[in-house]
Structure formats: structure tokens, C-alpha cells
Amino acid sequence: CPDSVTKTQAAFIDFVHTEFGLSSKCVPVGMSCGGLQAIYLAAKHPEKVSCMFIDAPLINFLCYPFGFGTVERADKPIVDEFIRARGVDEIGILSFREHPLDYIPKLASHKIPVFMVIGGSDVIVPYAEHGKHLQDAYEKVGATIETHIVPGRGHHPHGLADVTPIIEFIEKYSD
């Protein structure tokens, strides 16, 4: 995520704090590609984030959309869109250092609490190639992460049947 995007997000958080008296910190909610946006924001502007809720977060571009892993390569229009947006192709992705994966150490060092939902049968963004990296990094530094793997669920639908644990987590860790 370009710095201009996360700077705009941080400025918006400041705006709603100043103009409307809301908290100076937010709770990013990101599902799939939205999960990567939440990770970028929290890693680049940790002072603006109290906790996060992410669901099936896309963390490793090698696996998706490029298919270097257990998942098949995404359809051509998706890969082409990624190449246009990021300016990196199949060869360049191997040395690309702007994956959400690359921001996990920084995110974990700030110990921003994370509530993560994963589909146990997700074949688009499988836990082992995405969410597990975040889980492992958080456990290594003793940061708070609550992971819910939903048996039999694929990439969709997002969320939990009973959202109470999500709400309680956000209430507990939001400023």
C-alpha cells in the first residue's frame, strides 16, 4: 500500500477525532484484501490503531495472486490488475518487499491486538500461507491475537455466525 494511502487514512482518523470528537485511534476491519489494508495502516501508523479485526487476510502476494504455493494462480484479469497497480510482475514479485507479510514484524513489535477469522477450508487465502505468519509472529513476541478458524468454511462468507466474540474483543481493546 503506497505511503500516500496510509497517510491519507491517518489524516482521516485525525480529522474525525478533531471534528467529531471520536477516538484518536481506529479499529480497522479488513476482509480478504481489506485485511492487507488494515495491516499496512497498523504497521505504518500504529499510533492510530487500537486493535484490528481481520478476516481471511491476504498477506502473501506470492501465493495469491501469483500461485507460488498451494493455491492456483489467480485468473488473468486479477493478476493483470495487480501488475498494473503494483508495477511488479511474476519475476519482480520474488524480490518485492511490500507484501503485507513484510510488515508483520513491525506490526507484531507494536503489539496491536488482532482478532482474526479464518475459513478452515479456504483455498484462495489458506491459513498456512497467510494468517499463520501473523499468528506465529504475534505468539513469538507475546502480542494479543485471537484466531478463530471456522471448520468447513471457505474464503466466504466472512465473519462469524455469532459476532459477540468480535464485539467483546473490540470493546476490550479499543481506546
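The values are calculated or read from the model by the stated rules, or taken from the named source; none is laboratory data. Values in this document were obtained by computation on a predicted structure and should not be read as measured data. All Cβ positions, glycine included, derive from the backbone under ideal geometry; neighbour counts span all protein chains shown. Surface areas here come from the heavy atoms of the whole protein model, side chains and all, with no ligands, DNA or RNA. Shrake-Rupley method; radii C 1.70, N 1.55, O 1.52, S 1.80 Å.
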Give me the accessible area per residue for the range 1-95, probe 1.4 Å, as a whole number in Å². 49
Taking Cα atoms of the range 50-151, Rg/Rh with Kirkwood Rh, to two decimals? 0.99
Find which of Cys63, Ile93, Phe12 sits farthest along the positive direction of the dipole of the range 1-98, computed with +1 on the beta-carbon of Lys and Arg, -1 on that of Asp and Glu, about the Cα centre. Phe12
Of the accessible area of the chain, computed with a 1.4 Å probe and all protein chains kept, carbon and sulfur make up a percent value of 58
What pairs from Lys76/Lys132; Lys7/Lys76; Lys44/Lys132; Lys76/Lys106 go past 25 Å between their alpha carbons? Lys76/Lys132; Lys7/Lys76; Lys76/Lys106
Order the following by accessible area, largest value first: Ser24, Ser32, Ser95. Probe radius 1.4 Å; ligands, DNA and RNA are ignored. Ser95, Ser24, Ser32
Given 134-142, 98-106, the highest-first ranking by average Cβ count within 10 Å works out to 98-106, 134-142
For Phe115, other-chain or 5+-apart residues with amide H closer than 5 Å (H placed, Pro excluded) are Met52, Phe53, Ile54, Glu146
Take the chain, connect every pair of alpha-carbon atoms lying under 10 Å apart with a spring to form a Gaussian network, then pick out the residue of Gly154, Gly119, Gly87 with the largest mean-square fluctuation. Gly87
With the contact rule set at Cα under 8 Å and sequence spacing of 6 or more, what percent relative contact order holds for the chain? 23
Here, Ser23 and Phe96, labelled 7 Å along Cα→Cβ, have an inter-label distance in nm of 3.2
For the chain, take the convex hull of the Cα atoms, compute a quarter of its surface area, and give me that in nm², please. 10.3
Residues whose placed amide H lies under 5 Å from that of Val49, excluding near-sequence neighbours: Cys26
